[in-house]
Amino acid sequence: MMKNLIGLVSGLIFGIGLTLSGMTDPSRVRGFLDLFGDWDPTLAFVMGGAILVMGPAWLIQRRMAQPLGDSAFHLPGTQNLDGKLIGGAALFGIGWGLGGLCPGPAVAALGTAPLAAGVFVIAMLAGMMVHSWAIDRM
């Protein structure tokens, strides 16, 4: 129960932060990615703010035996840089540039622009299903 409540509150705070920062606005994101056109640097400040919060959080996490709401940390078990990771990152970047959204902001945008974000979220879920199907075939 407590784990779910912590997840809900964390997700709400994250979604509010994405909305307030403009990350749910595809035109702002595309403006940030348009380095050689009408570049909008505001999202660089969002990223800088995230780094300022996460830097100390990583230092604190390293000193903790376990998180407050769970019995263990669930961190990635590998740091391998392989073709699947590079290909996935490239697809993610292409999708972010074309759509102006990535998964977190897309879900947050369902509250402010449900039609536009809904199309993106449906396409994202379809892509996840295709990936899952393809992995099962390998």
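The values are calculated or read from the model by the stated rules, or taken from the named source; none is laboratory data. As the structure is a prediction and not an experimental result, all values here were calculated from the model. Every residue, glycine as well, gets a Cβ built from its backbone with ideal geometry; the counts of neighbours run over all protein chains shown.
Some notes on this structure:
- Filtered by the rule that a residue be surrounded by 19 or more Cβ atoms within 10 Å (Cβ to Cβ) and at pLDDT 85 or above, region 91-116 gives 101, 105, 106, 107, 108, 109.
- Region 33-54, subset over 14 Å from residue 21 (Cβ atoms) and surrounded by 10 or more Cβ atoms within 10 Å (Cβ to Cβ), residue modelled with the lowest pLDDT: 33
- Failed condition for residue 62, given (1) assigned to a helix (DSSP H, G or I); (2) closer than 29 Å to residue 127 by Cα; (3) more than 19 Å from the chain's Cα centre (by Cα): (2)
- Residue 75 vs. criteria more than 27 Å from residue 2 (Cβ to Cβ) and either under 14 Å from the mean Cα position of the chain (by Cα) or loosely packed, with under 10 Cβ neighbours inside 10 Å (or both): no
- Selected residue (criterion: nearest to residue 118 (Cα to Cα)) from residues of region 1-32 that are surrounded by 14 or more Cβ atoms within 10 Å (Cβ to Cβ) and among the β-branched types (Val, Ile, Thr): 24
- Criterion (surrounded by 12 or more Cβ atoms within 10 Å (Cβ to Cβ) and out of contact with any helix residue (DSSP H, G or I) (no Cβ under 8 Å at 6 or more places or on another chain)) met by exactly one of 66, 61: 61
- The helices (runs of 4 or more DSSP H) found entirely in region 82-138 that carry 1 or more residues being acidic (Asp, Glu) and without any contact (Cβ under 8 Å) to a residue 60 or more places away in the chain are 114-137.
- Meets criteria (within 29 Å of residue 114 (Cα to Cα), of a type in the set (S, T, N, Q), loosely packed, with under 12 Cβ neighbours inside 10 Å and out of contact with any Phe, Trp or Tyr (no Cβ under 8 Å at 6 or more places or on another chain)) for residue 80: no
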